[in-house]
Structure formats: C-alpha cells, structure tokens
1. Within the range 224-235, take every residue that is more than 12 Å from A121 (Cβ to Cβ) and not in a helix (DSSP H, G or I) and give me the one that is farthest from the chain's Cα centre (by Cα).
2. Please specify each residue of the range 185-216 satisfying the condition of being outside any strand (DSSP E or B), touching a helix residue (DSSP H, G or I) at 6+ places or on another chain (Cβ under 7 Å) and within 26 Å of Q240 (Cβ to Cβ).
3. Which of the residues spanning the range 169-185 are buried (at least 20 other Cβ atoms within 10 Å of the Cβ) and of a type outside the set (V, I, T)?
4. Of T191, T200, which residue is buried (at least 20 other Cβ atoms within 10 Å of the Cβ) and either modelled with pLDDT under 95 or among the hydroxyl-bearing types (S, T, Y) (or both)?
5. Examine the range 217-236 for a residue that is closer than 19 Å to V30 by Cβ, surrounded by 18 or more Cβ atoms within 10 Å (Cβ to Cβ) and free of Cβ contacts under 8 Å to residues at least 60 places away in the same chain, and state whether such a residue exists.
6. Quick check on S118: is it buried (at least 24 other Cβ atoms within 10 Å of the Cβ) and on the phi > 0 side of the Ramachandran plot?
7. Would you pick out the residues in the range 35-79 that are more than 29 Å from Q240 (Cβ to Cβ) and small (G, A, S)?
8. Read through the list (1) of a type outside the set (K, R); (2) within 14 Å of the chain's Cα centre (by Cα); (3) in a helix (DSSP H, G or I); (4) buried (at least 21 other Cβ atoms within 10 Å of the Cβ), then give the number of the only condition that S84 fails.
Amino acid sequence: MKREYHRWHSPRLGLELGVVVYGHWGPPLVGFPTSAGDEWELEGQSMVGALAEFIEAGRIKLFTVNSINGQSFYNKGAHPFHRSYVQSVFDSYLREEVVPFIWENCQSRVAIATMGASFGAYHAANTLFKHPDIFKRCFAMSGVYDLRNFMDGLYDDNFYFNNPVDYLANLSDAWYYEQLRSSDIHLITGTGQWEHSGPTYRLSDVLRSKGIRHSVDNWGPEGGHDWPYWKHQMRSYVSQLY
C-alpha cells in the first residue's frame with residue numbers, strides 16, 4: 001500500500017501537525033482519531049489494515065489527521081474559553097489547510113468524506129455540519145455531540161458554533177439546508193459492550209426536528225465502543241458505498 005507522510009507548520013495553530021495519506025487513488029476519506037490519539041492512531045489500531053483492500057483497489061484514499069484534543073476540550077489546565085477557541089481554530093485549520101492539501105493530493109476539488117469513533121465521531125460529524133459544501137458524507141461511530149461537560153459550566157460563541165446539538169437546533173440558513181440535502185450522514189451506535197446510544201439519538205432528534213436527512217445505524221450487539229466493532233462497521237460501509 002502506498003503511504004505518504006506530510007507535515008507542516010500551521011500558522012493558525014502555531015503547531016506542526018501531520019497528515020498520513022494511504023493509497024494512490026480514490027475518493028478522499030478523512031479519518032479522525034479518538035480523544036488521545038494522533039494521525040497514526042488509525043494505523044496503530046489496525047483500522048488502516050481493515051480497510052487495506054479498499055485502499056489498494058483505489059476505492060478510497062484515506063487521510064488521517066491529528067485532532068489536538070489535548071489542547072482543546074481535554075485541556076483541563078486551560079480556561080474553558082481557551083478550549084473552545086482552540087477547537088474553533090482547529091476547524092479553520094481543517095478547512096483552510098487540510099482541505100486544500102487533500103484537493104492538491106487528489107488533483108481534484110472532489111467531495112470529501114469523514115470518519116471517526118468516540119471523540120473522533122464528534123469531529124467527523126462537526127466537520128461535515130460546519131462545511132457541508134465540501135464534506136458530503138460522514139461515518140460517526142459511538143460519538144458524543146454535546147460537549148457542555150468539557151466547559152465547566154461556561155459558554156461562548158466559539159463553543160456554540162462547535163457544539164452540534166446547539167447550532168443545528170437553531171439552523172435557519174437556506175444555503176446550509178441545500179448543502180445538507182445532498183449529504184450522506186451516518187450516525188452509528190449499537191447495544192454492544194461499553195456503548196452509550198443516548199448522544200447519538202439526541203443528535204438524531206435535533207436533525208429530525210430540522211428536517212435534515214440522516215441515518216441512525218443501530219448495529220445491535222455488533223455496535224460496541226471499541227476498535228473491533230468500529231473496524232467491522234467501516235469495512236461494511238466502505239464495501240457497500242464505494
């Protein structure tokens with residue numbers, strides 16, 4: 001399998017961050033790590049291996065990124081408004097730096113999909129909801145979509161515009177509705193070990209109340225909160241949809 005590692009200094013974040021690219025061809029799929037992971041986590045947890053046959057066949061091209069959660073919502077040593085600010089800047093990094101990199105790497109301004117599990121599911125979903133003209137499909141597995149518990153009771157605009165259950169509940173912009181109508185949104189949960197479905201169904205309720213088409217995929221006992229479940233799910237989605 002072709003693998004490339006790219007790293008650059010982000011002037012927005014003031015950090016060097018890396019992106020790993022797997023494959024030579026195919027529609028781009030951005031993979032987010034879990035809460036403490038980085039751009040290498042999906043390879044280390046064998047998610048890349050689980051999708052290897054599809055990557056090698058050119059059915060997808062996988063881009064794995066770092067999500068710097070330790071400097072945003074998981075940074076308990078920082079003021080809550082700093083946490084939400086870092087998340088806001090990270091969202092800008094994705095749109096203004098990672099997206100152009102993906103388009104250049106693919107040699108096309110092609111639509112991009114996202115995937116993530118646990119806290120990575122938040123990023124996968126939030127990225128599509130924030131930029132539905134660019135990200136057109138997401139696989140959000142075992143996620144949480146209301147991050148108030150990370151803000152110590154405080155609240156600001158940066159948090160609001162990165163907390164999906166809030167900004168989606170008040171969505172009224174016709175342009176966003178038009179873009180979301182052509183999106184393929186998968187919220188994935190189940191009844192397996194360590195899984196909590198409540199956050200998935202709460203986000204679904206918000207989307208349904210706004211008439212936003214999406215799918216709640218309940219995998220039953222095959223939907224647990226661990227890598228073996230997530231790898232099995234992603235193999236199934238990629239095999240069917242790509």
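1. G224
2. Matches in the range 185-216: G190, T191, G192, L203, I212, R213, H214.
3. L180
4. Sole residue among the options that is buried (at least 20 other Cβ atoms within 10 Å of the Cβ) and either modelled with pLDDT under 95 or among the hydroxyl-bearing types (S, T, Y) (or both): T200.
5. Taking every residue of the range 217-236 in turn, none turns out to be closer than 19 Å to V30 by Cβ, surrounded by 18 or more Cβ atoms within 10 Å (Cβ to Cβ) and free of Cβ contacts under 8 Å to residues at least 60 places away in the same chain.
6. No, not satisfied.
7. Passing the criteria: A36, G70, S72, G77, A78.
8. All conditions pass for S84, except number (2).
The values are calculated or read from the model by the stated rules, or taken from the named source; none is laboratory data. Being a predicted model, the structure only gives us computed values, none of them experimental. Note that we place each Cβ from the backbone using ideal geometry, even for glycine, and neighbour counts take in every protein chain shown.
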